[in-house]
Structures are given as C-alpha cells and as structure tokens.
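Single-structure report; data block below.
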Amino acid sequence: MSIRKIEEGSTPAGGDIRINILPKGPYEVYGRPPLAVQCIMPDTGGESRHFQQGRRFSTQENPVHLCRCGASERKPYCDGSHTRTEWNPELDSREEGLLDNVEITEGGSVTLTDNERYCVFARFCHPAGGAWELTAQSDDPQARQLAIREASMCPTGRLMAWDRRSGKPFEYEFEPSLGLIEDIQLGVSGGLWVRGGIPVSTTDGRTFEIRNRVVLCRCGRSSNKPYCDGTHVSAKWRDNLDGEPAEATVPEKVY
C-alpha cells in the first residue's frame, strides 16, 4: 500500500467518505457525499466567474458507482457500458504531488504555483489580465485580491496562491462533496469535481495525493487519468444531464 500524501493546505475528509477506482470500471464512492451539477457561470463580459449548483443526484446507495468511461446511458451512474465500449481505463498519472515540478510566479505579496498538467480549461484564471499578471502586481491590494480569487477558483488546484509573508496557501473551505462540471458557455461537460479532501485510491492500495480540490476524468479520454486534462473540450463531450443552474454559487465565500 502506498504512503498517503496530503497536499499542503488540504485536510482529509472525515468518516468513510472515499473513492475507489475500479481497475476497468467506474468510480466507487463510499460515505454518501453530496453530488450535484456544478455549472461554470460567465460574467457579463463572458469570463468564467463562479460555479452555480444545479440538479442534485442521490448517493444514498453505499457504495454508488459513477461512470468513468463516458459511455453510460444513465449518467452520472455506471450502467456497465465500460465492458462494451472502446476506451482506455489505465491510470496514466504518476504518483507525484501537485506541487512537484510547478512553475512559480513571484509577486509583491503573493506567490503563484502552476502545474499545467492539471489544467481542465475552466478559465477562471483569465479575467483582468490573468492570474499570473495579477500575481506580479500583487503589491496593489486590488490585484492581490483578484490573484488570490482566480487561483482559488481553479477547480483542480493547478493554480494555488500563497501568502508571501506567512508562506501559507489560500484555500476555500469545501465540505467533502462531488460536482459534475458543466461548461454552459462552451456547451460541453467536464469532469468530476472532488472537494474537501476526499481520498482517491485504487483497489490494489495505490493512494493518490489527498487534495482540497481536484477534478477526475468522466469522459474516458484524458491522458492523465484518473485526473481530467481538459480533453472533454476538444472532444465536445456531453453527458446530457437535465437541469438548469438554480441554487447557490460555489464557493459562497469570495476573496
């Protein structure tokens, strides 16, 4: 069994909440974490602004099996399609930490770490010149606030903002929960947004780094499985889940 790694700034979920990845099948989710559609909502200028919650799905079955191949006819749940469709279930990601081999941008009051391998093209880092330029200008209070917000909104943790004085990362406090990402502006469906330090492991004991925020592949096409790498965008993958964004924005706290 691999040693459990915990990313700095993350706290492992309590109880029995965890995800097992079946070797050639779905995600096996224990502990009944909340599961709902999370829509990327643009602002008036067309830039990604926040997530808004949509339809909720039951996780009362324990465990519940969520589709990983992208072909199920009853998404988000598995219907056995992984045994009948052509896809590559192998896990490509190395057992490395998110902060290994990152690019670093130093600003006046904020440091930005960037691991592009985990980009899912959510685009929260684009407004106002981008998270990198805002970090460089972070001696300015407004630029600092925006730099922290844009990095913290990255659903995968590809981008993390760190306070240069304390050396600590800025992280929203997520309850252990799951989100089915929908990109309304691009008309595509994204990965499984895993929040609040939910452990992810394989049935043979391989444990991935525990993170406050991470996105797992749902379309079956990522080259960085189990993580999403944004391939759903170029593949124009849709999960055809019904429901409009109608509930609270996520996260509710905004820096």
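The values are calculated or read from the model by the stated rules, or taken from the named source; none is laboratory data. Everything numeric in this text was worked out from a predicted model, so none of it was measured. All Cβ positions, even for glycine, are placed from backbone atoms using ideal geometry, and neighbour counts span all protein chains on display.
Within segment 131-146, if we keep just the residues that are more than 22 Å from the chain's Cα centre (by Cα), in a helix (DSSP H, G or I) and of a type in the set (Gly, Ala, Ser), the residue that is surrounded by the fewest Cβ atoms within 10 Å (Cβ to Cβ) turns out to be ALA136.
Looking only at segment 1-9, decide whether some residue is in the same structural domain as ASP204 (by TED's automatic domain parsing) and among the aliphatic types (A, V, I, L, M). No, that holds for no residue. Residues considered: GLY108, GLY190, GLY179. Of these, the only one that is over 23 Å from GLY230 (Cβ atoms) and either out of contact with any helix residue (DSSP H, G or I) (no Cβ under 6 Å at 6 or more places or on another chain) or buried (at least 16 other Cβ atoms within 10 Å of the Cβ) (or both) is GLY108. Screening ARG164, ARG195, ARG144 for residues that are farther than 22 Å from LEU35 by Cα, free of Cβ contacts under 8 Å to residues at least 40 places away in the same chain and touching a Gly at 6+ places or on another chain (Cβ under 9 Å) leaves exactly one candidate, ARG144.
Pairs linking a residue in segment 120-140 that is aliphatic (A, V, I, L, M) to a residue that is in a helix (DSSP H, G or I), with Cβ atoms under 6 Å and 6 or more positions apart or on different chains, are ALA128/LEU146; ALA131/ALA147; ALA131/GLU150; ALA131/ALA151; LEU134/ALA143; LEU134/LEU146; LEU134/ALA147.
Whether a residue is closer than 26 Å to ALA246 by Cα, in contact with a strand residue (DSSP E or B) (Cβ under 9 Å, 6 or more places away or on another chain) and surrounded by fewer than 19 Cβ atoms within 10 Å (Cβ to Cβ) was assessed, and PRO76 does not pass this test. Of the numbered criteria (1) of a type outside the set (Ser, Thr, Tyr); (2) touching a residue at least 40 places away in the same chain (Cβ under 8 Å); (3) surrounded by 17 or more Cβ atoms within 10 Å (Cβ to Cβ); (4) assigned by TED's automatic domain parsing to the domain that holds VAL214, the one PRO89 fails is (3). Among the residues of segment 46-73, the one identified as β-branched (Val, Ile, Thr) and over 18 Å from GLY243 (Cα atoms) is VAL64.
Does at least one position in segment 209-227 carry a residue that is in the same structural domain as CYS69 (by TED's automatic domain parsing) and surrounded by fewer than 17 Cβ atoms within 10 Å (Cβ to Cβ)?
Yes, there is a match, as at least one residue in segment 209-227 is in the same structural domain as CYS69 (by TED's automatic domain parsing) and surrounded by fewer than 17 Cβ atoms within 10 Å (Cβ to Cβ).
How about segment 204-238: which of its residues are over 16 Å from LEU178 (Cα atoms) and charged (D, E, K, R)? Those that are over 16 Å from LEU178 (Cα atoms) and charged (D, E, K, R): ASP204, ARG206, GLU209, ARG221, LYS225, ASP229, LYS236, ARG238.
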